[in-house]
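Shown next, in structure tokens, is the structure this report addresses.
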């Protein structure tokens, strides 16, 4: 009799435990999709110092400039899941111009989380789009402007301040313009900024 009661008690306890476990429901789920918009300031080496070929037809010559461009920008990060993220950015580099030379960038592409620690998130990115450039002057006359394909490789680190606010502690970019005059162009630079999580 005791053995039967013991077996019956064990069966009832197991059934009760299984039933209780089956009723556990998560109290909350983490939102996967988020959108963060922000603004930046940047410094870029334009890779053009106003040097042109010495014979006609004249074409610009890629060369490091002693006048880095400063500018303002805006970005939007869209996080669809942990591993699927997109970034779009616009940058207008209009300050510290030499001979009226400036560059504007309009880029978008995938962003990949690399490492997360404390409140910081390190990421890499590959963006594509176009850049507008004003060439300054050639022999005292306006040299014109153009629109060029731009591929950018980079990365950086965002640090969360509050649930909504974050600081873009550093964002670096190396750009490659495959068709620029008779050559290629490789501007590079860094940005810092602040972001606001919209949702």
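Throughout, read-outs are computed from the coordinates displayed, never taken from laboratory work. A quick note: this is a predicted structure, and the numbers were derived from the prediction, not measured. Here the Cβ positions follow ideal geometry from the backbone for every residue, glycine too, while neighbour counts run over all protein chains shown.
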Next on the checklist: Test of understanding: what is the full-extension gain from residue 164 to residue 96, defined as 0.36 nm times their sequence separation minus their Cα-Cα distance?
Outcome noted: 21.2 nm
Next on the checklist: If each residue of separation counts as 0.36 nm, what is the full-extension length gain between residue 182 and residue 141 once their alpha-carbon separation is subtracted?
Outcome noted: 12.7 nm
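Could you calculate the FRET efficiency of residue 194 with residue 58 from 1/(1 + (r/R0)^6), where r is the beta carbon distance between them and R0 is 35 Å, rounded to 0.05?
Details: r = 43 Å, r/R0 = 1.21.
Here the calculated transfer efficiency is 0.25.
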Item to check | Calculated FRET value between residue 51 and residue 72, using beta carbons and R₀ = 45 Å, to 0.05 | outcome: 0.95
